[in-house]
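Below: one structure, written as structure tokens.
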Amino acid sequence: MAGTVTRAYTVGALAKASGLTVRTLHHWDAIGLLSPASRGRNGYRRYGDAEVARLYRILALRRLGLSLEEIAAALEREGPELEAAVRAHLARVEEQLAAHAALRDRLV
């Protein structure tokens, strides 16, 4: 998903600003989760404002506990479909919490 580059960030600068590693950003590029807006003649990845915005959506969904596959699918959705994906994930988390609570009760 390449956007218009109004400001260009190198992969190193983007990694530093986001707290991720360059290796993570390379992996996300390889799987199509976060592709650079362009590449320089030297092959260096250049990310624009649209890619930075997508990166922060990815990080927000990741903090919610979604897998990379779920994040990729969620980013392709808009509005109610994205909300449904997050609600489905919440339901799974609640099921896991109930199972852990039951296990805790048995152990106590």
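Data table
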quantity: Contact order relative to length of the chain, as percent, for alpha carbon pairs under 8 angstrom and 6 or more apart; calculated: 24 percent
quantity: Candidate values [x] 7.1; [y] 9.7; [z] 8.5, label of the one derived for mean projected area of the Cα convex hull in nm²; calculated: [z]
quantity: Full-stretch length increase - GLU81, GLN96 - with 0.36 nm per residue and alpha-carbon distance subtracted; calculated: 3.1 nm
quantity: Extension gain, ALA30 back to TYR44 (0.36 nm per residue minus Cα-Cα distance, nm); calculated: 3.6 nm
quantity: Percent accessible area from carbon and sulfur atoms, the chain, protein chains only, probe 1.4 Å; calculated: 56 percent
quantity: Phi to ³J(HN,Hα) by Karplus 6.51 cos²θ - 1.76 cosθ + 1.60 over segment 59-67, Hz, x for Gly, Pro; calculated: 5, 5, 5, 5, 5, 6, x, 6, 6
quantity: Surface accessible to a 1.4 Å probe, per residue, for the residues of the chain, Å²; calculated: 67 Å²
quantity: Helical contribution to [θ] at 222 nm, DSSP H n ≥ 4, -39,500 (n - 2.57), averaged over the chain, rounded to 500; calculated: -20500 deg cm²/dmol
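The values are calculated or read from the model by the stated rules, or taken from the named source; none is laboratory data. Quick caveat: nothing in here was measured; it's all calculated off a predicted structure. Note: areas computed on protein heavy atoms with side chains; ligands, DNA, RNA excluded. Shrake-Rupley method; radii C 1.70, N 1.55, O 1.52, S 1.80 Å.
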